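What follows is a single structure, written as structure tokens, with notes after it.
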Amino acid sequence: MTVAGQGTLQAVPGAPVVDARDLTVVESGNTILRDVSVRLEAREHLTVLGPNGSGKTTLLRVLATYRYPTRGEVSLLGHRFGRVDVRALRPRVGFVSVALDPLVDAVPVLPLVAGGHRGTTAPSVRILADPDAVTAARQALTQVGARHLADRRVDTLSQGERQRVRIARALASSPDLLLLDEPFAGLDLGGRESLLADLDRLLTDPGGPTVVLVTHHLEELPPRISRALLLAGGAAVASGPIAEVLTSSQVSAVFGVPVIVERADDGRWRASGSPPGLDETVRLT
């Protein structure tokens, strides 16, 4: 199961990409996640929605191998936490977060993305001597519509351009699982729509990763997301096929405000305030 010389665990054939059961995370006496389960086969793309403090980012950190649950079982690509060195799984998992930005703000884009091929946090330009890393970086930048940014420096980019570079860096290692934590945060309308289109194309790539996307907003869901998990107070309120989960009544309950959920003919979702007197359990699809 290990790649010679690299120590990277490969996916077990036929195993789910994610098989997490009854996850509970307790910190300083506070239960952040409670009995949450997620199972994803290859190419089953999931969105995790919920208000602030509902446990979304904590769930992603568990799936990214950076946090162990207090209770429960987690297997990624057929490898169970506690039975393998999770560091050997990390090259197979792309985790997109703004947390690394202070380390790479003045780094040129191409070596930064090429470093993702090797799992390097803040690479030097010497990595450009590795033709495999450079090829992987250019391919990843192309996947997210950012090939033209290769020669720019990160601190000269707009928020939308930075987010494309973050995602490209995660894709450079050809991960089996891609975790996106609020990828549209800070983007204006144009930036959001452009990135949405690029992500939706990525979701159709037969050789691409299984994607888990965390957000607060239904309008930020690519049409090809197929499954949804609603979290509130650290617990799962609903989980399953997206059309069964994103109902007006369930979304209203999770966010604590009456909304009407609609899905357009092109597959895009939206949630709007419910007019006074309208039955909140109405479901529009």
Worksheet item: Scanning segment 196-210 for residues that are touching a strand residue (DSSP E or B) at 6+ places or on another chain (Cβ under 9 Å), surrounded by fewer than 23 Cβ atoms within 10 Å (Cβ to Cβ) and not hydroxyl-bearing (Ser, Thr, Tyr), which turns out nearest to Val17 (Cα to Cα)?
Response: Gly208
Worksheet entry | Close pairs from segment 66-78: first farther than 16 Å from Gly234 by Cβ, partner surrounded by 17 or more Cβ atoms within 10 Å (Cβ to Cβ) and among the acidic types (Asp, Glu), Cβ under 9 Å, at least 6 apart | Glu73/Asp19; Val74/Asp19; Ser75/Asp19; Leu76/Asp19; Leu76/Asp176; Leu77/Asp176; Gly78/Asp19
Discussion item. Could you go through segment 64-74 and let me know if any residue there is at pLDDT 95 or above, outside any helix (DSSP H, G or I) and within 14 Å of Val17 (Cβ to Cβ).
Written reply: yes
Discussion item. Among the residues in segment 155-164, are any of a type in the set (Val, Ile, Thr), touching a helix residue (DSSP H, G or I) at 6+ places or on another chain (Cβ under 9 Å) and either in contact (Cβ under 8 Å) with a residue 60 or more places away in the chain or closer than 29 Å to Asp130 by Cα (or both)?
Written reply: no
Worksheet, complete the sentence: Among the residues of segment 191-222, the number that are within 15 Å of the chain's Cα centre (by Cα) and not in a helix (DSSP H, G or I) is 12
Discussion item. Among the residues in segment 204-224, are any in the same structural domain as Leu23 (by TED's automatic domain parsing) and on the phi > 0 side of the Ramachandran plot?
Written reply: no
Worksheet, complete the sentence: With criteria (1) β-branched (Val, Ile, Thr); (2) surrounded by 21 or more Cβ atoms within 10 Å (Cβ to Cβ); (3) part of a strand (DSSP E or B), Thr24 comes up short on (2)
Fill in: Residue check for Ser37: within 29 Å of Ala271 (Cα to Cα) and crowded, with 20+ Cβ neighbours inside 10 Å
no
Worksheet item: So is Arg80 basic (Lys, Arg) and assigned to a loop (DSSP other than H, G, I, E, B) or not?
Response: no
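The values are calculated or read from the model by the stated rules, or taken from the named source; none is laboratory data. It should be emphasised that the depicted structure is a prediction, and the values quoted were computed from it without experimental measurement. So basically every Cβ, Gly included, is an ideal-geometry build from the backbone, and we count neighbours across all protein chains shown.
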